[in-house]
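Data first, discussion second: the structure below is written as structure tokens.
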Amino acid sequence: MKILIVNSGSSSIKFQLIDMGGEKVLASGLVERIGEEKGVVSCTLRPETGLKAKVERSEKVEDHSKGMRLVVDVLTDPASGVISGKDSIEAIGHRVVHGGEEFHSPTLITAEVLEAIENNVALAPLHNPANLDGIRVAGELFPGVKQIAVFDTAFHQTIPPKAYHYALPSELYEKEKIRRYGFHGTSHQYVAQECAKQMKRSLTELNLITVHLGNGCSMCAIERGLSVDTSLGLTPLEGLVMGTRSGDVDPALHFFLARNCGMDIKRIDDMLNKESGLKGLCGMNDMRDIHEQIAVGNKRARLALEVQTYRNRKYIGAFMAVLGRVDAIVFTAGIGENDSIVRAKSLEKMEHFGVELDSQRNDQRVREPVLLSSDSSRVQVWGIPTNEELAIARASKAVLTGEEVCP
Ligand code: AMP
């Protein structure tokens, strides 16, 4: 079974074609700058074989429909493509950011499901419309092919009311559905499942803290395989310090900025989402640049590292209190997989909580699941590469075949 995975953004389409027999990636690529003068289609074909090839085309991509047609052209190119025709694609799995309270698991897309995703646009105005574009365009291009929606929020739908309610007037939840939803659910669930495999235990008997540190950052408290709390909230702005997003701030900051700094809502929104986090603190949002600058004595870069890792540690401590017993802490995503310094600083002073990082094991970039804690550590620490595309492909296959993917 070959499944096309689509992650459709406002001006881009990320895609992967996966052969589920052996879970091999046949092609992986990106259409960028949709709607601009010059679009770019880049794709790596057969990345896991000796026949690996790269394709890059630059041309105007007016809209998502043209973008998806270009994806099909690249995949079916008689000279370099990986499939003979679009009939070889048996299903399409879509990443959908916001499933609101309706969606608890991956779902076959029907007219009703499309309507429900549309109804959640107010909760994710930047993401859900772009995800819907991808679904509609794929539906036109692949008539009759089953499409599956895999929601970033779904895994967190097991969070109990005491953790998802904000202490706000209750009608805001009842009428507007204002609550904590959480995101990155596909990643948290995937690394939790991989961790259970590594520990040779059933996920249903494990308590885990999964720490996704990429450009976006979030943490999840997982009790016996179910998400019971997470750091991202109504939107992907709450919680940890991210590349350009602030994470937690005093809610009164917004009034202060409006009253004293003359900022309107759009300005505050842009500032908290695009100009804050690591970038706000030191002007750089890539952790590799931050380390380079720390090495030459840049004090702001040092502060950015300190603020991010301190916040990580504070949340790990909070989620330990939520879970009581913790079997393992899992680091994943760009920073979590690659940055041994961030991992070590995020776990400082945690020996009393039973967390002992092994400095030699930790001193590596994680390419496959690896144990990073010492043998005597009561709480194991793992580095596990995330793979959201594979998780979406597995979930899509499971929807089609009726098998269980959850713990
Ligand atoms: P992601 O969103 O998971 O793709 O992660 C992207 C982020 O990972 C980048 O913005 C960097 O901050 C970080 N990153 C990637 N490679 C490294 C590395 N080798 N060392 C430290 N951070 C890295």
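The values are calculated or read from the model by the stated rules, or taken from the named source; none is laboratory data. All of these numbers come straight from a predicted model, not from anything done at the bench. Cβ atoms come from the backbone with ideal geometry, glycine included; neighbour counts cover every protein chain shown. Heavy atoms of the whole protein, side chains included, go into the accessibility calculation; ligands, DNA and RNA do not. Shrake-Rupley method; radii C 1.70, N 1.55, O 1.52, S 1.80 Å.
Structure data summary
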{"quantity": "Selected residue (criterion: farthest from Lys345 (Cα to Cα)) from residues of the range 266-289 that are more than 22 Å from the chain's Cα centre (by Cα) and hydrophobic (A, V, I, L, M, F, W, C)", "calculated": "Ile268"}
{"quantity": "Restricting the range 328-341 to residues that are open to solvent by less than 40 Å² (accessible area, probe 1.4 Å) and either free of Cβ contacts under 8 Å to residues at least 60 places away in the same chain or part of a loop (DSSP other than H, G, I, E, B) (or both), the residue that is nearest to the ligand (Cβ to nearest atom)", "calculated": "Asp339"}
{"quantity": "Odd one out for Leu372 among (1) within 28 Å of Glu292 (Cα to Cα); (2) open to solvent by 10 Å² or more (accessible area, probe 1.4 Å)", "calculated": "(2)"}
{"quantity": "Those residues of the range 1-54 which are part of a loop (DSSP other than H, G, I, E, B) and closer than 23 Å to Val121 by Cα, in sequence order", "calculated": "Gly9, Ser10, Ser11, Ser12, Arg33, Ile34, Gly35"}
{"quantity": "Segments classed as helices (runs of 4 or more DSSP H), wholly inside the range 265-327, with at least 2 members that are closer than 30 Å to Ser227 by Cα and within 16 Å of the ligand (Cβ to nearest atom)", "calculated": "265-274, 277-282, 299-323"}
{"quantity": "Filter result for Tyr181 (among the aromatic types (Phe, Trp, Tyr) and open to solvent by less than 30 Å² (accessible area, probe 1.4 Å))", "calculated": "yes"}
{"quantity": "All positions within the range 342-383 that are part of a loop (DSSP other than H, G, I, E, B), among the aliphatic types (A, V, I, L, M), more than 16 Å from the ligand (Cβ to nearest atom) and more than 16 Å from Gln308 (Cβ to Cβ)", "calculated": "Met350"}
{"quantity": "Pairs where the first residue, in the range 230-244, is of a type in the set (S, T, N, Q) and the second is within 13 Å of the ligand (Cβ to nearest atom), C-beta under 7 Å, 6+ apart", "calculated": "Thr230/Ser218; Ser231/Ser218; Ser231/Leu240; Thr244/Gly277; Thr244/Lys279; Thr244/Asn285"}
{"quantity": "Condition met for Ser202 (more than 21 Å from Pro161 (Cβ to Cβ) and within 16 Å of the ligand (Cβ to nearest atom))", "calculated": "no"}
{"quantity": "Any chance Leu234 is assigned to a loop (DSSP other than H, G, I, E, B), more than 13 Å from the ligand (Cβ to nearest atom) and surrounded by fewer than 21 Cβ atoms within 10 Å (Cβ to Cβ)", "calculated": "yes"}
{"quantity": "Unique match (being crowded, with 23+ Cβ neighbours inside 10 Å and either out of contact with any Asp or Glu (no Cβ under 7 Å at 6 or more places or on another chain) or touching a residue at least 24 places away in the same chain (Cβ under 8 Å) (or both)) among Thr210, Thr204", "calculated": "Thr210"}
{"quantity": "Given (1) closer than 30 Å to Thr158 by Cβ; (2) touching a Lys or Arg at 6+ places or on another chain (Cβ under 9 Å), index of the condition Leu45 fails", "calculated": "(1)"}
{"quantity": "Scan of the range 237-261 for residues that are closer than 26 Å to Gly336 by Cα and either more than 16 Å from the ligand (Cβ to nearest atom) or out of contact with any Pro (no Cβ under 9 Å at 6 or more places or on another chain) (or both), ordered by number", "calculated": "Leu237, Glu238, Gly239, Leu240, Val241, Gly243, Thr244, Ser246, Gly247, Asp248, Val249"}
{"quantity": "Listing of helices (runs of 4 or more DSSP H) fully contained in the range 66-170 that carry 3 or more residues being open to solvent by 70 Å² or more (accessible area, probe 1.4 Å)", "calculated": "111-119"}
